[in-house]
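Taking it in order: structure first as structure tokens, then the write-up.
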Amino acid sequence: MDMKALSFSSRLMHGTDKPCPTTGSLIPPLYQTSTFVFDNMEQGGHRFAGKEEGYIYSRLGNPTLAELEAKMADLEGAEAAVAFSSGMAAVSGVLLHLLKSGDHVVASDGIYGCTFGLLDMLEEKFQVKTTYADLTRLEALEGALRSETRVIYLETPVNPTMNLIDLKAVSKMARQKGIKVVVDNTFATPYLQRPLELGADLVIHSATKYLGGHGDLIAGVAVGGKEEMEAVRLTTLKDVGGMLSPFDAWLLLRGIRTLAVRMDRHVINAKKIARFLEDHPAVHQVLYPGLESHPQHQLAKTQMAAPGGMISFRVAGGRAGARSFLDGVRLCRLTVSLGEVCTLVQHPASMTHSVIPEDARQRMGITEDLIRISVGLEEPEDIIADLTSALDPIGGSGKAPLTDRDSRLA
Ligand code: 3LM
């Protein structure tokens with residue numbers, strides 16, 4: 001059998017995994033240690049000088065972290081990966097590595113609230129300016145670029161608007177101008193979308209979400225070329241210091257082994273729930289790439305293996321309707337985060353994206369009537385029963401007047 005030709009699903013547990021050479025343990029051991037002992041002074045000096053391979057201190061490298069990094073590089077089709085203590089540590093680690101004062105970033109409208117907060121801080125403290133643009137339109141990207149633009153930063157699907165951005169087209173335009181494309185692939189995971197294969201330069205994950213999959217850890221990963229990742233490791237990982245704990249890396253590896261089966265079920269459930277929501281009179285609009293009504297439904301078919309497990313929708317009654325729904329669910333958990341076994345619901349405008357000023361939120365489509373659902377692995381009929389009892393009291397006609405933005409996207 002050619003082990004190099006394994007399919008993605010088999011590589012989740014076979015690709016880079018090797019049983020422990022000394023004990024034969026099927027699951028590789030957890031190296032829960034802060035530091036590594038040298039044989040003598042010369043060896044310690046050689047390791048610090050990079051003259052000899054070997055571990056020094058876990059913030060600089062650890063076998064359990066190395067195993068996770070090899071796994072993530074393999075799954076994203078990259079040369080290398082670096083693990084971080086959170087998705088935000090990965091985002092900041094990559095951006096601090098790529099940017100310096102005076103540089104310019106173009107970011108997609110509607111990115112995760114803390115990423116918005118980080119870019120805001122970079123502007124305030126270090127004069128790195130960011131222009132937000134609707135990157136679903138290439139003209140908008142072109143219009144936002146400047147001679148100082150060093151990075152195009154995007155999510156696709158975008159959290160929480162579920163817009164899709166054409167990775168091939170954006171990467172082509174960026175390459176011609178020598179700009180790096182950084183893609184936050186948290187919502188899709190490498191099972192459904194591999195941005196590097198479409199021309200992006202770096203990929204970031206909040207591994208807290210689908211990769212971990214069980215709501216029991218916080219972690220992040222950055223993936224890209226060998227030299228770039230080594231530079232990240234030796235600067236913003238080593239010196240800023242957001243390393244992942246070996247135990248969380250070990251748990252994350254356990255989660256990753258079941259990514260394919262979990263994602264398949266997330267997608268089956270999300271498709272059913274998106275259709276249910278489309279038919280409910282209290283719902284004005286459903287934003288799910290798997291629906292024909294989604295403005296980038298065709299792109300979803302070519303860019304993603306499946307439309308994923310995240311859905312956003314607009315409910316009748318504005319903020320009051322959103323409150324009535326969120327206070328009415330029983331099975332679905334009212335909480336931020338996503339990609340876990342349970343179905344999670346939240347209100348982006350007052351929760352995950354509340355840091356974005358209101359006018360910018362409105363322009364990006366993060367309105368008071370917007371609800372985000374991370375569809376879990378429960379029996380879909382049970383989720384639908386819970387959604388029904390939370391939506392029915394809201395009433396509504398099912399149709400909302402189109403906004404300017406909606407008509408442009410339609
Ligand atoms: C959330 N998101 O509920 P951590 N990139 C994306 C993300 O969605 C997130 C991160 C990076 C949510 C978390 S909000 C207080 C809870 C697309 C996180 C950051 O640092 O691992 O949380 O990842 O949307």
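The values are calculated or read from the model by the stated rules, or taken from the named source; none is laboratory data. Nothing here was measured: the structure is a model prediction, and the numbers come from that model. Neighbour counts are summed over all protein chains in view; Cβ atoms, including those assigned to glycine, are modelled from backbone coordinates with ideal geometry. Heads up: the accessible areas ignore ligands, DNA and RNA and are worked out on the full protein's heavy atoms, side chains in. Shrake-Rupley method; radii C 1.70, N 1.55, O 1.52, S 1.80 Å.
Based on a Kirkwood Rh over C-alpha pairs, give the Stokes-Einstein translational diffusion coefficient of the stretch 285-344 at 20 °C and viscosity 1.002 mPa s in µm²/s.
Estimated diffusion coefficient is 161 µm²/s.
How many nm separate the modelled label positions at Ser397 and Thr22, each set 7 Å beyond the Cα in the direction of the Cβ?
Inter-label distance under the simple model: 7.3 nm.
Could you work out how far apart the two model spin labels at Leu334 and Phe247 are, taking each label as a point 7 Å from the Cα in the direction of the beta carbon, and quote it in nm?
Going by the 7 Å Cα→Cβ label model, 3.2 nm.
Compute the helix-to-body angle for 318-328: its Cα long axis versus the longest principal axis of the chain, expressed 0 to 90° and rounded to tens.
Here the helix axis deviates by roughly 70 degrees.
What is the Rg over Rh value, at two decimals, for the stretch 267-410, using alpha-carbon atoms and the Kirkwood definition of Rh?
Dividing the radius of gyration by the Kirkwood radius yields 0.94.
Report, as a whole number in µm² per second, the diffusion coefficient that Stokes-Einstein gives for the stretch 242-305 at 25 °C and 0.890 mPa s using the Kirkwood radius over alpha carbon pairs.
The diffusion coefficient I find is 171 µm²/s.
Calculate how steeply helix 380-391 sits against the longest principal axis of the alpha-carbon atoms of the chain, using the helix alpha-carbon long axis, and give the answer as 0 to 90 degrees to the nearest 10.
Its long axis makes an angle of about 50 degrees.
Just order 333-342, 57-66 by mean Cβ neighbour count inside 10 Å, highest at the front, would you?
57-66, 333-342
Please state the charge dipole magnitude for the chain, taken about the Cα centre, from unit charges on C-beta atoms (+1 on K and R, -1 on D and E), reported in debye and rounded to the nearest 20.
That gives the chain a dipole magnitude of about 320 debye.
Using a probe of 1.4 angstrom, how much of the accessible area of the chain is carbon and sulfur, in percent?
Reported share for carbon and sulfur atoms: 54 percent.
Treating each Cα of the stretch 1-133 as an identical point scatterer and ignoring solvent, apply the Debye formula and state log10 I(q)/I(0) at q = 0.12, 0.13, 0.18, 0.20 Å⁻¹.
Taking Cα atoms of the stretch 1-133 as identical point scatterers yields -0.74, -0.82, -1.09, -1.16.
Of the listed peptides 239-249, 34-44, what is their order by residue-averaged count of other C-beta atoms within 10 Å, with the highest listed first?
The packing order, highest mean first, is 239-249, 34-44.
Which GluC sites (Glu not before Pro) from the stretch 222-300 combine a DSSP loop assignment with at most 12 other Cβ atoms within 10 Å?
Qualifying residues, ordered by number: Glu292.
Which translational diffusion coefficient, to the nearest whole µm²/s, is obtained for the stretch 81-214 from the Stokes-Einstein equation, given a Kirkwood hydrodynamic radius over C-alpha pairs, 37 °C and 0.692 mPa s?
The Stokes-Einstein estimate is 223 µm²/s.
Taking K and R as +1 and D and E as -1, what net charge do the other residues with C-beta under 12 Å from the C-beta of Val336 add up to?
Taking every Cβ under 12 Å from that of Val336, the sum is +2.
Calculate the tail of P(r) for the chain: the fraction of all Cα-Cα distances greater than 33 Å, expressed in %.
33
Beyond 13 Å, what share of the Cα-Cα pairs of the stretch 19-60 is found? Please give it as a whole percent.
Looking at the stretch 19-60, the distances longer than 13 Å represent 62 percent of pairs.
Pairing the Cα long axis of helix 167-176 with the longest principal axis of the chain, what angle in degrees results, from 0 to 90 and rounded to the nearest 10?
Computed tilt is about 60 degrees.
Starting from the amide H of His284, placed 1.01 Å from N in the peptide plane, find each other amide H under 5 Å away whose residue is 5 or more places distant or on another chain.
Under 5 Å from the amide H of His284: Arg314, Val315, Ala316.
Output the antiparallel fraction of DSSP beta bridges having both residues in the chain, as a percent to the nearest 5.
Here the share of antiparallel DSSP bridges comes out near 55 percent.
Tell me which of Leu387, Ser350, Gly376 sits at the most positive position along the dipole axis of the stretch 338-390, charges placed on C-beta atoms (Lys, Arg +1; Asp, Glu -1).
The residue sitting most towards the positive pole is Ser350.
Looking at Ala222, Pro63, Gln193, which one has the Cα that reaches farthest to the positive end of the dipole of the chain (charges on Cβ: Lys, Arg +1; Asp, Glu -1)?
The Cα lying farthest towards the positive end belongs to Gln193.
Please give the solvent-accessible surface of Thr136 in Å², to the nearest 10, using a probe radius of 1.4 Å with every protein chain present.
Approximately 40 Å² for this residue.
Positive end of the charge dipole of the stretch 175-319 (Lys, Arg +1 and Asp, Glu -1 on Cβ, about the Cα centre): tell me which of Thr208, Val240, Leu259 has its Cα farthest that way.
Checked the options; the winner is Leu259.
If you project the alpha carbons of the stretch 37-94 onto their three principal axes, what span does each projection cover, largest first, in Å?
38, 22, 17
Amide H neighbours of Thr186 under 5 Å, counting only residues 5+ apart in sequence or on other chains, H built in-plane at 1.01 Å?
HN-HN under 5 Å from Thr186: Ser206.
Could you work out how far apart the two model spin labels at Val37 and Ala360 are, taking each label as a point 7 Å from the Cα in the direction of the beta carbon, and quote it in nm?
Between Val37 and Ala360, the label points sit 5.2 nm apart.
Taking the alpha-carbon distance from Lys129 and a cut-off under 24 Å, which lysines remain once sequence neighbours fewer than 8 residues away in the same chain are dropped?
Lys100, Lys172, Lys177, Lys180
Using just the helices of the chain, give the 222 nm mean residue ellipticity in deg cm²/dmol: DSSP H runs with n ≥ 4 each add -39,500 (n - 2.57), and the total is spread over all residues, rounded to 500.
When only DSSP H runs of four or more count, the value is -11000 deg cm²/dmol.
Three principal axis extents, largest first, for the C-alpha atoms of the stretch 205-295, in Å?
54, 27, 22
Straight-line reach from Lys226: which aspartates and glutamates fall under 15 Å, measuring Cα to Cα and dropping same-chain residues less than 8 apart?
Hits, sequence-local ones excluded: Glu69, Asp74, Glu76, Glu79, Asp201.
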